[in-house]
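Supplied in structure tokens, the structure appears directly below.
The values are calculated or read from the model by the stated rules, or taken from the named source; none is laboratory data. What you see is a predicted model; the values in this text were computed from it and never measured. So basically every Cβ, Gly included, is an ideal-geometry build from the backbone, and we count neighbours across all protein chains shown.
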């Protein structure tokens with residue numbers, strides 16, 4: 001950021017408004033203008049989606065600080081504060097590198113979310129391994145629920161990861177993992193998590209309705225805020241739920257409680273019936289009471305109403321994440337939430353009242369009950385993000401245009417040419433003048449000016465007003481037969497004195 005760049009920006013904007021005022025097409029023809037508009041709209045959409053992904057990550061605070069630094073640097077450059085501008089110019093490079101290094105998990109999660117949302121439907125349509133029948137999925141869920149219910153009664157710890165669209169192949173490549181290819185049955189799960197079993201330590205991975213591996217070690221969630229003190233198993237459950245769109249079911253060895261983890265949140269179930277209800281709805285099998293079933297649903301985002309999230313006062317960053325996770329009211333209460341989650345849904349209102357019991361036959365399950373929308377706040381926030389995305393896109397476009405195709409001046413000298421010379425012949429006149437060439441300074445885009453030559457521009461005088469002898473002052477017109485877009489900044493001279501006399505004199 002320097003004074004020269006600021007001047008280029010000012011000149012660029014000035015030329016836009018000057019072109020609109022004078023009527024010449026500064027950006028080219030209609031096709032070029034449509035292409036520019038489409039380019040800006042497309043980048044605006046990309047930036048808007050990126051802001052939504054990063055909104056609920058720790059990187060959001062750094063982005064705000066980075067924006068303030070850039071704004072402050074621009075103001076210093078405009079005011080001519082060279083030392084301050086130089087210091088902050090160099091700070092920006094350091095911050096940009098630190099941003100990528102420090103917030104690599106958040107950025108990776110954001111990219112995984114983009115890939116998951118963009119290609120999950122396409123993959124499901126083409127890949128036969130995703131096309132299990134509803135009966136097979138329901139049977140798998142039934143065995144998982146029955147096994148978890150029994151392990152809950154016997155205080156047996158367990159961690160079950162159910163893979164969906166995102167493949168978790170990295171779990172199968174670990175050194176101590178035990179590869180299996182077994183049907184999902186209650187007895188098989190109980191035998192794996194039996195306290196004396198060598199496979200007890202670790203997680204079970206279910207892929208395509210079959211037990212694919214046991215003793216999988218899952219990366220722990222780096223930042224988990226919990227209502228009560230949870231151990232490694234529950235942190236691993238939250239960590240697994242951050243790996244794409246996987247579902248994790250954890251059974252507490254100390255308390256005998258069943259928990260469901262999804263999208264960085266851990267929900268404590270009240271029993272096996274509640275767990276089954278939610279898993280069936282998540283996989284699009286069960287229909288929520290009072291709602292029409294949406295066919296083909298493979299992925300949904302269940303989020304609990306966060307009542308008490310931490311025994312300590314949560315940070316402002318975590319409070320924002322908690323407020324955002326209110327897309328669907330959860331039947332059980334949320335007991336843990338991870339800060340590393342870029343898939344947070346849009347904000348919803350916080351509805352008062354206690355969680356509804358899973359035993360109620362008239363209430364929808366955990367992922368079906370929605371809070372009342374704060375429509376005005378949501379629309380205002382969305383408009384603000386759209387405007388911010390448009391400003392960023394327009395600024396980026398202007399920066400690229402200024403650097404790749406800036407506005408420049410070009411000076412050329414062209415010979416004087418004449419129009420309506422037949423008028424002189426009809427009146428038997430001749431003329432004399434003292435100027436042969438005209439110096440012109442043109443303003444336009446660099447790509448146009450580079451291709452413009454002296455032969456593309458003409459300086460013309462029109463003899464139509466010359467009807468008799470005398471001294472005439474005629475205007476010199478600058479025209480081009482080539483379809484180019486430019487503006488004449490100045491010309492020397494603008495008029496010419498012509499002396500007309502009879503040809504016989």
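In region 429-447, which residues are surrounded by fewer than 16 Cβ atoms within 10 Å (Cβ to Cβ) and in a strand (DSSP E or B)?
430, 432, 437, 439, 441, listed by residue number.
Also, I was wondering about something else. Could you identify the single residue in 259, 179, 197 that is assigned by TED's automatic domain parsing to the domain that holds residue 157, surrounded by fewer than 16 Cβ atoms within 10 Å (Cβ to Cβ), more than 31 Å from the chain's Cα centre (by Cα) and part of a strand (DSSP E or B)?
Going through 259, 179, 197 in turn, the sole match is 179.
Return yes or no: is residue 301 assigned by TED's automatic domain parsing to the domain that holds residue 181, at pLDDT below 80 and either more than 14 Å from residue 203 (Cβ to Cβ) or over 26 Å from the mean Cα position of the chain (by Cα) (or both)?
yes
Select, from 470, 504, 458, the only residue that is more than 56 Å from the chain's Cα centre (by Cα) and modelled with pLDDT of 85 or more.
So the residue among 470, 504, 458 that is more than 56 Å from the chain's Cα centre (by Cα) and modelled with pLDDT of 85 or more is 470.
Could you list, in sequence order, all residues of region 173-182 that are over 13 Å from residue 210 (Cβ atoms) and touching a strand residue (DSSP E or B) at 6+ places or on another chain (Cβ under 9 Å)?
Once the filter is applied, which keeps residues that are over 13 Å from residue 210 (Cβ atoms) and touching a strand residue (DSSP E or B) at 6+ places or on another chain (Cβ under 9 Å), region 173-182 yields 174, 176, 177, 178.
Further question on the same structure: Restricting attention to region 218-236, which residues are over 17 Å from residue 162 (Cβ atoms), at pLDDT 80 or above and either in contact with a strand residue (DSSP E or B) (Cβ under 8 Å, 6 or more places away or on another chain) or assigned to a helix (DSSP H, G or I) (or both)?
232, 235
A further question follows. Sort out which residues of region 145-172 are over 19 Å from residue 196 (Cα atoms) and in contact with a strand residue (DSSP E or B) (Cβ under 6 Å, 6 or more places away or on another chain), and write them in order of number.
Once the filter is applied, which keeps residues that are over 19 Å from residue 196 (Cα atoms) and in contact with a strand residue (DSSP E or B) (Cβ under 6 Å, 6 or more places away or on another chain), region 145-172 yields 161, 162, 163, 171, 172.
What is the residue count in region 448-473 for residues that are loosely packed, with under 14 Cβ neighbours inside 10 Å and in a helix (DSSP H, G or I)?
4
Same structure again: Tell me which residues, restricted to region 388-405, are loosely packed, with under 15 Cβ neighbours inside 10 Å and over 19 Å from residue 38 (Cβ atoms).
Correct list: 403 only.
Checking residue 418 against (1) surrounded by 12 or more Cβ atoms within 10 Å (Cβ to Cβ); (2) over 56 Å from the mean Cα position of the chain (by Cα); (3) touching a residue at least 60 places away in the same chain (Cβ under 8 Å), which single condition isn't satisfied?
(3)
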